[in-house]
Amino acid sequence: MLCHCRPVADKTDEVKLVPPYMAQLLLVVTLTSIFHLLSSMPATAQPPWKKHIIKRPALGMINSAVTDDFDRDGHMDVLTSYDGEVVLLKGPDWKPHPVHTFDPKNSRNKPRGACIHSCLLDVDGDGDQDFCGSNNTVFWLECPDDPFSGKPWTYRVVDDEILGTHCLITGDVDRDGTLDLIANSGRAENATAFPDSLTWLEVPEDPHDAKQWSRHVFAERDAPGGSHYTGFGDVNGDSRPDIACAAKGGENFPGGQWFAWWEQPADPTGVWEKHLLASDEPGATNILPADLNGDDHVDYFATRGHGQGVLWFKGPDFAQIEIDPDIESPHCLVLADFDGDGDLDGATCSKDPGGETAWYENDGKADFQKHVIGTDQGSYDIRAVDMDADSDLDLLIAGHTSNNIVWFENPVKP
């Protein structure tokens, strides 16, 4: 039997001879081991997102925060509410400037220490952003010419009859070229004349003198069970924007645990048709429309903020697909292109102080990869904002029971 082996040079340099079939076997074993090692390693680590503190813990909850460069000095400012006041935090040092103190005399409804939600809207058309908040009453604060003058911003009522307004967003509902407010009225029948309903509120011709805005109830008693956040956009391609919502449900909120959208009729002041996307969804809170997989159909990205899980509904049939079934209490949600690749990613943060902050990288076909960017941070509100003027989108977070405001710096460099 011939053995094709390398001869030994001398006795002091003796080498063990390996038959050819043994060498092949060793090669296969080595390659297999390398493959298993590589497959067990995590994907290429993302650069860390740096956490910046804007407001250290207040005495009470901070549920919502919005941003704008109010004084046009090139730095983003943050407008929020906590400890009985609406406060403008001037960037980049975040010095607090109170602009309103909540007072029971302002409305028929006793205010809490902070708004549950808020948004910005140029209500009076003067070119600056006014503050719209929900604190048992939906109200707006008029931004003055000098927002940091130290003088209070003027408070006016938007609507003090709808109650349980957990979400305020803007959108041109009636397509007249001006933005409207979209607000839910989530309280029960014994608390409001508009129980379990969804509304859109039209800015009056003279918002300075109007006692209340024009209210349009488009989902009358049709959104039970603790309605939370709404999403705005044309879903069925008829050029009329539709509105989606979610309701958490639970023992104290019967009829909830659903995701749904309402189809706008030809007359936006009429009753809209409800389309149920999913029921038996404990803790449902957020739902936002977008074409997530590039097939020219609108999908929905959603979270169960009083339960667990991030998911999406694939249009046009809205098949339900889980993205991250394990994340706890993802109470807030935003869609934005965080990595600059041209498609929309998602981001959320758990509502409780021990929770995690994460963004979900979209590959363009709605296959999402989770990236945890922070822990031990709670949130009721999350916004995608370029906080540091470096042309990428960062995350602004109002801390809810963390009682703080922070922002996470996006490491992606354009």
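The values are calculated or read from the model by the stated rules, or taken from the named source; none is laboratory data. Fair warning: this is a prediction, and the values are worked out from it, not measured in the lab. Don't worry about glycine lacking a Cβ; one is built from the backbone with ideal geometry, like all the others, and counts go over all protein chains shown. Only protein heavy atoms, including side chains, enter the accessible area calculation; ligands, DNA and RNA are left aside. Shrake-Rupley method; radii C 1.70, N 1.55, O 1.52, S 1.80 Å.
Among the residues of the range 263-296, those that are of a type in the set (S, T, N, Q) and in a loop (DSSP other than H, G, I, E, B) comprise Q264, T269, S279, T285, N293.
Here are A191, A183: which of them is free of Cβ contacts under 8 Å to residues at least 40 places away in the same chain and among the small types (G, A, S)?
It is A191.
Taking the range 141-175 as the range and being surrounded by fewer than 24 Cβ atoms within 10 Å (Cβ to Cβ) and either in a strand (DSSP E or B) or of a type in the set (S, T, N, Q) (or both) as the test, the residues that pass are L141, E142, S149, T154, Y155, R156, V157, D159, I169, T170, G171.
Can you tell me which residues in the range 240-269 are out of contact with any Gly (no Cβ under 7 Å at 6 or more places or on another chain), open to solvent by 20 Å² or more (accessible area, probe 1.4 Å) and of a type in the set (G, A, S)? Hit for the range 240-269 is A266, nothing else. The residues of the range 129-157 that are in contact (Cβ under 8 Å) with a residue 40 or more places away in the chain and under 24 Å from the mean Cα position of the chain (by Cα), listed by number, are Q129, F131, C132, G133, S134, N135, V138, W140, L141.
Would you be able to say whether some residue in the range 149-170 is of a type in the set (S, T, N, Q), within 23 Å of P241 (Cα to Cα) and modelled with pLDDT of 95 or more?
yes
If the condition is being more than 26 Å from C115 (Cβ to Cβ) and open to solvent by less than 20 Å² (accessible area, probe 1.4 Å), then the range 353-370 contributes Y360, N362, A366. Among the conditions (1) in contact (Cβ under 8 Å) with a residue 12 or more places away in the chain; (2) over 22 Å from S64 (Cα atoms), H331 misses just one, which is (2).
Only one of the numbered conditions (1) in a strand (DSSP E or B); (2) closer than 17 Å to I382 by Cβ; (3) aromatic (F, W, Y) is not met by Y300, and that is (2).
The residues in the range 217-231 that are outside any strand (DSSP E or B) and surrounded by fewer than 22 Cβ atoms within 10 Å (Cβ to Cβ) can be counted, and the count is 5. When the strands (runs of 3 or more DSSP E) confined to the range 1-110 are screened for residues that are at pLDDT 50 or above, in contact with a strand residue (DSSP E or B) (Cβ under 7 Å, 6 or more places away or on another chain) and of a type outside the set (A, V, I, L, M, F, W, C), those reaching at least 3 such residues are found at 50-55, 77-82, 95-101.
Kindly indicate whether any position in the range 334-352 is modelled with pLDDT under 95, open to solvent by 10 Å² or more (accessible area, probe 1.4 Å) and not polar (S, T, N, Q). It would help to see each step written out before you state the result.
Kept after step one, since they are modelled with pLDDT under 95, are these residues of the range 334-352: 352.
Add one more test, that the residue is open to solvent by 10 Å² or more (accessible area, probe 1.4 Å), and what stays is 352.
In the following step, the residues that additionally are not polar (S, T, N, Q) were identified as 352.
Among the residues of the range 334-352, at least one is modelled with pLDDT under 95, open to solvent by 10 Å² or more (accessible area, probe 1.4 Å) and not polar (S, T, N, Q), which makes the answer yes.
Contact map, the range 270-291: residues that are closer than 14 Å to G226 by Cα and in contact (Cβ under 8 Å) with a residue 24 or more places away in the chain paired with residues that are of a type in the set (A, V, I, L, M, F, W, C) and assigned to a loop (DSSP other than H, G, I, E, B), Cβ distance under 6 Å, separation 6+ or inter-chain. Pairs shown: N286/L333. Only residues that are surrounded by fewer than 17 Cβ atoms within 10 Å (Cβ to Cβ) and either touching a Leu at 6+ places or on another chain (Cβ under 7 Å) or touching a residue at least 12 places away in the same chain (Cβ under 8 Å) (or both) were counted across the range 98-108, and they come to 3. Candidates in the range 123-136 are the residues that are surrounded by fewer than 23 Cβ atoms within 10 Å (Cβ to Cβ) and touching a strand residue (DSSP E or B) at 6+ places or on another chain (Cβ under 6 Å); of these, the one that is farthest from L168 (Cα to Cα) is Q129.
The rows are residues; the columns are (1) surrounded by fewer than 22 Cβ atoms within 10 Å (Cβ to Cβ); (2) assigned to a strand (DSSP E or B); (3) modelled with pLDDT under 95; (4) at negative phi.
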| site | (1), (2), (3), (4) |
| --- | --- |
| A183 | no, yes, no, yes |
| R187 | yes, no, no, yes |
| L198 | no, yes, no, yes |
| P204 | yes, no, no, yes |
| H208 | yes, no, no, yes |
| R215 | yes, yes, no, yes |
| D238 | yes, no, no, yes |
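The residue list S391, S379 contains one member that is open to solvent by less than 10 Å² (accessible area, probe 1.4 Å), hydroxyl-bearing (S, T, Y) and not in a strand (DSSP E or B), which is S379.
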